[in-house]
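Enquirer: The structure that follows is given in the form of C-alpha cells.
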Amino acid sequence: MSAGTQYVLRVPIDVSRVPDFTPGLRISVLVWNRQGFRRQQWVTFEAPGTVTVRFELDQPQESLRVVLGPEQAAPSDL
C-alpha cells in the first residue's frame, strides 16, 4: 500500500466464460459513490481470463458502485 492508504477494495473479474473472449481484451473499471468520489482503472485480460482490480482508498466508503465497460468509455458513459 502507498503511504497514507488505509483501505483497499479488490474487485475480482472473470471473463473466462464469455463466448468471444480473447486474451488482450482491455476494459475500464469504475468505482464511485453519491458524494462524488470516483476512481477509474483499465485492465487487460490474459489467459485464463481472470484479473483482480485493486483500488486504494484514503478513507472507508459507506457504499460504492462498480461498473465495467469498454476501454474507450468515459466515466460519464459508464
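The numbers here are math on the coordinates, done by the rules we state, and not lab data. Not measured: the values here are computed from a predicted model. As a convention, Cβ positions derive from the backbone with ideal geometry for all residues, glycine included, and neighbour counts pool all protein chains shown.
Enquirer: Please give the length that would be gained between V67 and A47 if that part of the chain were fully extended, namely 0.36 nm times their separation in residues minus their C-alpha to C-alpha distance (nm, one decimal).
Expert: 5.0 nm
Enquirer: Run the numbers on the chain and let me know its relative contact order in percent, using alpha-carbon pairs under 8 Å that are six or more apart.
Expert: Computed value for the chain: 41 percent relative contact order.
Enquirer: What translational diffusion coefficient, to the nearest whole µm²/s, does region 2-50 have by Stokes-Einstein, given a Kirkwood radius computed over alpha-carbon pairs, a temperature of 4 °C and 1.567 mPa s viscosity?
Expert: Rounded to a whole number, D works out at 100 µm²/s.
Enquirer: Tell me, what HN-Hα J-couplings in whole Hz come from the Karplus equation 6.51 cos²θ - 1.76 cosθ + 1.60 at θ = phi - 60° for each residue of region 48-63, using x for Gly and Pro?
Expert: Residue by residue, region 48-63 yields x, x, 10, 7, 10, 8, 10, 10, 8, 10, 7, 8, x, 10, 5, 8 Hz.
Enquirer: Gap in Å between the Cα centre of region 55-78 and the Cα centre of region 17-51?
Expert: A separation of 10 Å, based on Cα centres.
Enquirer: Report the charge-dipole magnitude of the chain in Debye, nearest 20, computed about the Cα centre from +1 at each Lys and Arg Cβ and -1 at each Asp and Glu Cβ.
Expert: 140 debye
Enquirer: Hey, another quick one. Quick check on region 28-78: take the gyration tensor over C-alpha atoms, sort the square-rooted eigenvalues as a ≥ b ≥ c, and tell me if it's rounded (a/c under 1.5), prolate or oblate.
Expert: The shape class here is oblate.
Enquirer: Further question on the same structure: Which of S16, S28, S63 ends up with the largest GNM mean-square fluctuation for the chain, with Cα atoms connected below 10 Å?
Expert: Evaluated over the chain, the most mobile residue of the options is S63.
Enquirer: Still on this structure, I have one more. Suppose R0 equals 25 Å; then what is the FRET efficiency for V18 and D77 from their Cβ-Cβ distance, rounded to the nearest 0.05?
Expert: 0.80
Enquirer: Let me ask something additional. If you stretched the chain out fully between R10 and E56, how much longer would it get, using 0.36 nm times the residue separation minus the C-alpha to C-alpha distance?
Expert: 15.7 nm
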